[in-house]
1. Decide, for the stretch 218-269, between rounded, prolate and oblate: order the square roots of the alpha carbon gyration tensor eigenvalues as a ≥ b ≥ c, take rounded if a/c falls under 1.5, and otherwise choose prolate if a/b is larger than b/c, else oblate.
2. How about the stretch 227-259: which trypsin sites (Lys or Arg not before Pro) there are in a DSSP loop, with at most 13 other Cβ atoms within 10 Å of their Cβ?
3. Quote the charge dipole size of the stretch 228-328 about the Cα centre in Debye, to the nearest 20; the model charges only the Cβ of Lys and Arg (+1) and of Asp and Glu (-1).
4. Please report, in debye to the nearest 20, how large the charge dipole of the stretch 280-322 is about its Cα centre when each Lys and Arg carries +1 at its beta carbon and each Asp and Glu carries -1 there.
5. Bins of 5 Å, beginning at zero and ending with the bin holding the largest distance: percent of Cα pairs per bin for the stretch 207-304, please.
6. Starting from the stretch 42-94, pick out the GluC sites (Glu not before Pro) whose DSSP state is loop and whose Cβ has at most 12 other Cβ atoms within 10 Å.
7. Rank the residues H245, H79 as a footprinting-exposure proxy: fewest other Cβ atoms within 10 Å of their Cβ go first.
8. Can you put I82, I163 in order, fewest other beta carbons within 10 Å first?
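Each value in this text was obtained by applying a stated rule to the coordinates, not by laboratory testing. Values in this document were obtained by computation on a predicted structure and should not be read as measured data. Ideal geometry is used to build each Cβ from the backbone, glycine not excepted, and the neighbour counts take in all protein chains shown.
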Amino acid sequence: MLKDIFRILFHVSLFACSSMAIAQPAGQKITYSQYIETYKDIAISKMNEYRIPASITLAQGLLESGSGNSELAKNANNHFGIKCHKEWSGMTYTMDDDEKNECFRKYASAEESYSDHSYFLTSRARYASLFELDVKDYKGWAYGLKSAGYATNPKYAEMLIRIIEENQLFLYDNGFTGTIAGKPQPGKKQTEEPKTLSRQEKAGSFKFLEVAEGNRKLYLNNNVKLTYARTDDTPQTIARDLGIHAFQILQYNEMGKNEQLQPGQVVYVEPKKKKASVRNHTFKTGESMREISQLYGVKLKSLYRMNGLPEGHEPEAGTTLELQKRRR
């Protein structure tokens, strides 16, 4: 009887220690760098065992699980979005995806999910051609996974490649085992924090907030969340990463339906305010009302209304624009 009590206490103690090790403050999301640091060794181990590039495994994990923050990752330890399929006899988790109440595989741990991901790719004939590629050919793997039907998103390969290159995950395919997350890629132009906007950030108007899904840096301006457009970004790609709709991106930024984003462009991801945090702005040569609206996080219509201007009018240089409601 005493042995049974000690055995129970021992297992309770192990469970408590395990829970403390993976505990995460409520509401706090796992960042890309934290995710990479946590799972890179597993990805490298699977690469050595199955010849699947560690960069591909990590990029898929980051993308499919929202860097470990998705419902499926948190509730089912499923980091790769693998559905049940007829041969699965393990635990399951039901949630809406492409269809309502779809069956997904549920795992006892994230490492088990990584193991099943490797087995999933090696056991299906449609992925066989991938294993003829060099383990360092992450681009070939990315396009091969898309062609084989791993995901329905037409930009899936490009998304994986972008994640790999922005986080230098390809180094893990070359034998590196250290920490590389968060370091800028040598020779790669950084478009999220453009030089043309640095004067605003120096003035304190763009405050860094957090790194969201898709490794997107979010900032605050006039207490409104924004991000910077990357190369090849569209309202759809930004909306997908942040869990909103593309039409909201268009609406928040007063964009036309067919208007294209430019690299480094400020993109608000929630509604701008009716007034700014400062009183006024002196219009300069080459500026537009929309640029002022984006600069101060103020709705364009509000800007016109506060200054008694017809929509579409562009003031002359030297004009003082009111950015707050006039006091009576």
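1. Because its axes are fairly even, with a/c under 1.5, the stretch 218-269 counts as rounded.
2. K257
3. Rounded to the nearest 20 debye, it is 780 debye.
4. Working: 5 positive and 6 negative charges, 38 e Å.
Result for the stretch 280-322 is approximately 180 debye, rounded to the nearest 20.
5. 2, 13, 24, 26, 20, 10, 4, 1
6. Numbers: sites: E49, E64, E71, E87; in loops: E87.
The qualifying sites are E87.
7. Least crowded to most crowded, the residues run H245, H79.
8. Fewest-to-most ranking of I82, I163: I82, I163.
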